[in-house]
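S.K.: Questions regarding the structure given below will be posed in turn.
Each value in this text was obtained by applying a stated rule to the coordinates, not by laboratory testing. Treat the numbers as computed from the prediction; the structure is a model and nothing was measured. Cβ: placed from backbone, ideal geometry, glycine included. Neighbour counts: every protein chain shown.
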Amino acid sequence: MTREIRRLGVLTSGGDAPGMNAAIRAVVRACVHHGIKPYGIREGYKGLIDGQIEPMNARSVANIINQGGTLLKSARSQAFRTPEGRQTAFENFRSADLDALVVIGGDGSFTGATLFEKEFGIPVVGIPGTIDNDIFGTDYTIGYDTALNTVIEAVDKIRDTATSHNRLFFVEVMGRDAGFIALNSGIGCGAEEILIPEADRGIDHLIKSLERSDRTGKTSSIVLVAEGGKDGGAFEIAKTLEAKLPDYEARVTVLGHIQRGGRPSCFDRVLASRLGVAAVKTLMAGNSCVMVGVRNNAVALTPFAEAISKHNAIDDELLEVADIVSI
Ligand code: ATP
């Protein structure tokens, strides 16, 4: 089955992520390539409700592949969570005479898109854009690789001062429910310990590890902490540890929003370009309510229902590697 699309809307929703611009560019240019008129919807679902819908063309996405953030801006919209809000969004969608929608965002954005499709029959395809890499059905989300590189660059700098002063540093990274950033960047920057929600072994394990390091002559250590662990964030953990091991002088750095910004890595630009092109093709092929992702380096479709409800498991092999290489 194929679907005729004359006019297509694209929006970015939820937290911004580096590479979203590259995805917008790819969607717009794929539309032009296929003879579809592209429209940009500003500020996510909020803009759909406010009627911020503008025509785009191949030139309106020039010089953005290298920029972080999102040209279309992103927002969180409470109103879109209500049937009235979605009704207004639909009326604006129809007034702009759009036939289909591409949503670049996370699982919340896909939940909203699912309702929009169910209530009004609007064909919609999602592109996973979030630094957390926590969406089922794709090996990588747009922005994750850039965020990892940002973290290791920052931690490399912290290591310089940690080594100079024989200090213990706790570095908190994003990942409220998912430890992918902490685990992978932790291995990449040679962290002593990595504390993630999915495999939280508690403070006692951390203490054992630090004591072992002491015995083997390590003079400084860096511990990566995902923000959503059961023992709290980096500040809480540092405090608990200092209470138990008074000889340790712990320092804390919370990387915060710098993880969201910056120029997208080549990996994210290529991923975003592939998924943008795939999203338009997927709509043209008659699909809806699916996310385009990559699995084993091939484009793969996942129904929104699965992308939203299932979760990627942490790779045990990576946990083992982290343990072995940190001795
Ligand atoms: P991130 O992973 O960066 O948080 P996200 O897409 O999960 O991205 P959310 O804030 O959860 O971010 O969702 C983005 C927007 O999607 C919300 O502001 C809201 O407008 C819409 N949305 C989320 N959940 C629902 C829902 N249950 N019903 C309708 N709309 C929703």
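S.K.: So what's the back-of-envelope 222 nm ellipticity for the chain, counting only DSSP H runs of four-plus at -39500 (n - 2.57) apiece and dividing by all residues, rounded to 500?
M.R.: On the way: 11 runs with 139 residues, N = 327.
That calculation yields -13500 deg cm²/dmol at 222 nm.
S.K.: Over the alpha-carbon set of segment 1-59, work out the extent along each principal axis and list the three values in angstrom, largest first.
M.R.: Here the spans come out as 32, 27, 25 Å, largest first.
S.K.: Compute the Kirkwood hydrodynamic radius of the chain, taking the inverse of the mean of 1/r over all pairs of distinct Cα atoms, and give it in Å to one decimal.
M.R.: Details: mean 1/r = 0.0482 Å⁻¹.
When all Cα pairs of the chain are included, the Kirkwood radius is 20.7 Å.
S.K.: Sorted from fewest to most neighbouring beta carbons within 10 Å, what does the list 140, 248 look like?
M.R.: Values: 140 20, 248 15.
Starting with the residue having the fewest Cβ neighbours, the order is 248, 140.
S.K.: Kindly provide the Kirkwood hydrodynamic radius of segment 1-156 in Å, to one decimal, from all pairs of distinct alpha carbon atoms. Intermediate results must be reported in sequence, preceding the final value.
M.R.: On the way: mean 1/r = 0.0635 Å⁻¹.
This gives a value of 15.8 Å.
S.K.: Let me understand segment 145-260 better: what is its radius of gyration from the alpha carbons, and its Dmax, in angstrom?
M.R.: Expressed in Å, the Cα Rg and Dmax of segment 145-260 come to 12.9, 38.
S.K.: So, one more: Nearest 10 degrees is fine. How inclined is helix 107-120 to the longest principal axis of the chain, computing both from alpha carbons?
M.R.: 20 degrees
S.K.: Please report the net charge: other residues with Cβ closer than 12 Å to the Cβ of residue 197, K and R +1, D and E -1. Before the final figure, lay out the partial values.
M.R.: Numbers: positive: 176, 201, 230; negative: 132, 134, 177, 198, 200, 227, 231.
Cβ neighbours under 12 Å give a net charge of -4.
S.K.: If you don't mind, there's one more thing I want to ask. Kirkwood Rh over alpha-carbon pairs of segment 79-204, then Stokes-Einstein at 37 °C and 0.692 mPa s: what D in µm² s⁻¹, rounded to an integer?
M.R.: Values: Rh = 17.4 Å.
Reported coefficient: 189 µm²/s.
S.K.: Provide the net charge surrounding residue 106, with neighbours chosen by a C-beta distance below 12 Å and charges set as Lys +1, Arg +1, Asp -1, Glu -1.
M.R.: Working: positive: 76, 176; negative: 16, 107, 132, 134, 177.
Taking every Cβ under 12 Å from that of residue 106, the sum is -3.
S.K.: I'd like to know how segment 199-240 sits against the 2.2 N^0.38 Å rule of thumb: what's its Cα Rg over that expected value?
M.R.: On the way: Rg = 10.9 Å, N = 42, 2.2 N^0.38 = 9.1 Å.
Cα-based Rg divided by the globular estimate yields 1.20.
S.K.: Convex hull volume of the Cα atoms in segment 210-304, per residue, in Å³?
M.R.: On the way: hull volume 17.7 nm³, N = 95.
Normalising the Cα hull of segment 210-304 by residue number yields 186 Å³.
S.K.: Which angle between 0 and 90 degrees, to the nearest 10, do you get for helix 20-33 versus the longest principal axis of the chain when only C-alpha atoms count?
M.R.: Roughly 30 degrees, rounded to the nearest 10.
S.K.: Using only Cα atoms, tell me the angle between helix 266-284 and the longest principal axis of the chain; keep it within 0 to 90° and round to the nearest 10.
M.R.: Between helix and principal axis, roughly 30 degrees.
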